[in-house]
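What follows is one structure encoded as structure tokens, with my remarks underneath.
The values are calculated or read from the model by the stated rules, or taken from the named source; none is laboratory data. The structure displayed is predicted, hence computed values, not measured ones. Every residue, glycine as well, gets a Cβ built from its backbone with ideal geometry; the counts of neighbours run over all protein chains shown. Heavy atoms of the whole protein, side chains included, go into the accessibility calculation; ligands, DNA and RNA do not. Shrake-Rupley method; radii C 1.70, N 1.55, O 1.52, S 1.80 Å.
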Amino acid sequence: MAETESYPPIDPTNFDLIVVGTGLPESIIAAAASAAGKTVLHLDHNPFYGSHYSSLTLQDLTSFLRSHSEIPKTNPPQSDDTETLDVNPRPLYSDVEISSYDDSLEEHSRKFNLDLAGPRVLFCADSAVNLLLKSSANQYVEFKNIDASYIGDGNGNLMNVPDSKSAVFKDKTMKYSEKNQLNSFFKLVQGHLEAVKSVDVAVDDEKIISDEDLESPFVVFVDKMKLPPKIKSIILYAIAMVDYDQDAGESCKDILKTKYGIDRLALYHSSVGRFPNALGALIYPIYGQGELPQAFCRRAAVKGCLYVLRMPVKSVLLNKDNGNYKGVKLVSGQELTSDKLVMDPSFTITSSNSPSNVSKLARGICITNSALKPDISSCLVIYPPRSLYPDQATSIRVLQLGSSLAVSPSGKFVFYISVVCDNAIEGKKSLQAAIDDLFSLHSDETESKELKPTLLWSALYIQDLIEGSVGPVVMTPTPDGNLNYNDLLDATSKLFKKLYPDDEFFPETSNTDSSDKLEDDSEVVLDS
């Protein structure tokens, strides 16, 4: 009785849509449905917003990873009630390995905002930024730019990734011939894009990349331009952000076509200079990526969505006559009805098919006592395939963030590492290779001109990659292995259109609350 009393009753009890979980896809769907005039109830069994897309304190992140990596106790099947399907937790993490080399960090636990799904950044011109503007959710989150991007060579050296013509010529690590080659390549791509846009104007055919080249592998097209290996790595892995080794031939799991490579280059370069205070192509939300689902939740609440945290769903209710979904039963015993149900991938429903051959993603979070470079607070580091060890099949991405982004206390830095993998052994090997190249485990390292940051704490774990699905219940996807949210948002918009094919995915609104004025010279306020 006491347990039931701890859960207040929800009123009303009937909705157009019930959403379970406040991860980014669920929060976007709730906000889009609310904007379309639907009555929405948004539930989460956690005491915080964001689910697998949240930013947590040091202690909360440790607890979350451990609790979501254990094989859960399932509810016993209710064989006497064919109108009910039990909802059981599904562990999304495995091989969780947490190491601490500095006990004093626990005292500052609440000063950390650690992303579960890092590394993540937004390109200034990508889908996430456009959706924030279109939905008016941009007024609830602010950003700062990422200071620099580098390519790691595996020998402790970081080569700058130039993101514009001026940046190419300012780069002191590139030879004059390399600068000319890279600028010539950028000029070719830019000329093609401008020519394609000018459909009603006569253009020089030499400026257009041929259809044959566009359909060919991007690596073949880059080789055709006779670019040196260093420039080739920058284009493929640090600008086009390719995962797999493109020189592996037929054994490569994902060959990027030239037409898609050109699109990625266009996204990168159109991101540079889009916002006045974003000096480069990449930005990051102040207080962490968990601010993004919260921004959409706030937008949904403005449109009438009802929010209840700490509210577990016990089972799904079915219509006795046709077996279709009709509602949910809460752990309090209260039954709620709705036309549609959306659930995050933390749950499975009795008698539903669990995904087989689930892909894997290795993630790492590291805390250090210093930055990679003294004058760089935030940066992205890419290790191309085979740069750290001979059989490294995929890129390894590392994102460094400092206290200026309100994700760590002053003097401490957070590093996120990720790599797609076939299994835990392969994934952990890649994570450890990056850690060994970047950090020192001991502060009494032998003297050198440039000491490595000392590793104070780390969490390494394997995450399942599960795609969204549509059935009697819509299941949203897990965080993917990309650096930005473009693919995730595309999947989310498709799920919404399956739910509501006649409604627009966020109708255009006038953003009256956004401002041209920046509150701080270093903060990026998104404004249309």
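Select, from Y260, Y237, the only residue that is of a type in the set (F, W, Y), assigned to a helix (DSSP H, G or I) and open to solvent by 80 Å² or more (accessible area, probe 1.4 Å). It would help to see each step written out before you state the result.
Details: Y237 fails: open to solvent by 80 Å² or more (accessible area, probe 1.4 Å).
Checking each option against the conditions leaves just Y260.
Test K226 against the stated conditions and say whether it is in a loop (DSSP other than H, G, I, E, B), open to solvent by 50 Å² or more (accessible area, probe 1.4 Å) and either over 25 Å from A148 (Cβ atoms) or among the acidic types (D, E) (or both). Talk me through it step by step, then tell me what you get.
On the way: in a loop (DSSP other than H, G, I, E, B): yes; open to solvent by 50 Å² or more (accessible area, probe 1.4 Å): yes; either over 25 Å from A148 (Cβ atoms) or among the acidic types (D, E) (or both): yes.
When the stated conditions are applied, K226 passes them.
Need a quick list: helices (runs of 4 or more DSSP H) entirely within the stretch 2-67 having at least 1 residues that are within 25 Å of Y461 (Cα to Cα). Write out each step before concluding.
Numbers: elements: 2-5, 24-35, 58-67.
Hits in the stretch 2-67: 24-35, 58-67.
Out of the helices (runs of 4 or more DSSP H) lying entirely within the stretch 100-208, which hold 3 or more residues that are touching a Pro at 6+ places or on another chain (Cβ under 9 Å) and at pLDDT below 85?
Details: elements: 127-135, 165-170, 176-197.
Helices (runs of 4 or more DSSP H) meeting the threshold: 165-170, 176-197.
Given the conditions (1) touching a His at 6+ places or on another chain (Cβ under 9 Å); (2) surrounded by fewer than 18 Cβ atoms within 10 Å (Cβ to Cβ), and given that P479 satisfies all but one, which numbered condition is not satisfied?
Result: P479 passes all but (2).
Only one of S514, S528 is open to solvent by less than 30 Å² (accessible area, probe 1.4 Å), within 13 Å of L133 (Cβ to Cβ), modelled with pLDDT under 60 and touching a Ser or Thr at 6+ places or on another chain (Cβ under 9 Å); which?
S514
Residues checked against (1) more than 20 Å from K179 (Cα to Cα); (2) in contact (Cβ under 8 Å) with a residue 60 or more places away in the chain; (3) polar (S, T, N, Q):
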position	(1), (2), (3)
D213	yes, no, no
F218	yes, no, no
V222	no, no, no
I231	no, no, no
Y237	no, yes, no
A240	no, no, no
A248	yes, yes, no
I255	yes, no, no
Y260	yes, no, no
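Collect the residues in the stretch 107-121 that are more than 18 Å from S404 (Cβ to Cβ) and in contact (Cβ under 8 Å) with a residue 60 or more places away in the chain, keeping them in residue-number order.
L116, A117
Being modelled with pLDDT under 95 and open to solvent by 40 Å² or more (accessible area, probe 1.4 Å) is the filter here, so list the residues in the stretch 273-289 that pass it.
Selection gives G273, R274, P276, L279.
Can you tell me which residue among L292, L309 is open to solvent by less than 30 Å² (accessible area, probe 1.4 Å) and within 25 Å of the chain's Cα centre (by Cα)?
Details: L309 fails: open to solvent by less than 30 Å² (accessible area, probe 1.4 Å).
So the residue among L292, L309 that is open to solvent by less than 30 Å² (accessible area, probe 1.4 Å) and within 25 Å of the chain's Cα centre (by Cα) is L292.
Pairs under 7 Å by beta carbon, first residue under 30 Å from N138 (Cβ atoms) in the stretch 296-325, partner of a type in the set (A, V, I, L, M, F, W, C) and in a loop (DSSP other than H, G, I, E, B), six or more apart or different chains?
Close Cβ pairs (under 7 Å, with a partner that is of a type in the set (A, V, I, L, M, F, W, C) and in a loop (DSSP other than H, G, I, E, B)) amount to V308/I10.
Restricting to the stretch 134-148, name every residue that is open to solvent by 20 Å² or more (accessible area, probe 1.4 Å) and more than 12 Å from L405 (Cα to Cα). First the steps, then the outcome.
Here is the first cut: in the stretch 134-148, the residues open to solvent by 20 Å² or more (accessible area, probe 1.4 Å) are 134, 139-140, 142, 144-145, 147.
Passing the criteria: K134, Q139, Y140.
For the list (1) touching a helix residue (DSSP H, G or I) at 6+ places or on another chain (Cβ under 8 Å); (2) closer than 30 Å to F186 by Cβ; (3) at pLDDT 95 or above, I need the number of the one condition that Y237 fails.
For Y237, the exception is condition (1).
Quick check on K373: is it open to solvent by 10 Å² or more (accessible area, probe 1.4 Å), touching a residue at least 60 places away in the same chain (Cβ under 8 Å) and touching a Cys at 6+ places or on another chain (Cβ under 9 Å)?
Values: open to solvent by 10 Å² or more (accessible area, probe 1.4 Å): yes; touching a residue at least 60 places away in the same chain (Cβ under 8 Å): yes; touching a Cys at 6+ places or on another chain (Cβ under 9 Å): yes.
Taking the combined requirement at face value, the residue satisfies it.
Can you pull out the strands (runs of 3 or more DSSP E) entirely within the stretch 324-412 that have at least 2 residues that are modelled with pLDDT under 95 and under 30 Å from T13 (Cβ atoms)? Steps first, answer last, please.
Working: elements: 325-330, 335-343, 347-349, 359-368, 379-383, 396-401.
So the answer is 325-330, 347-349.
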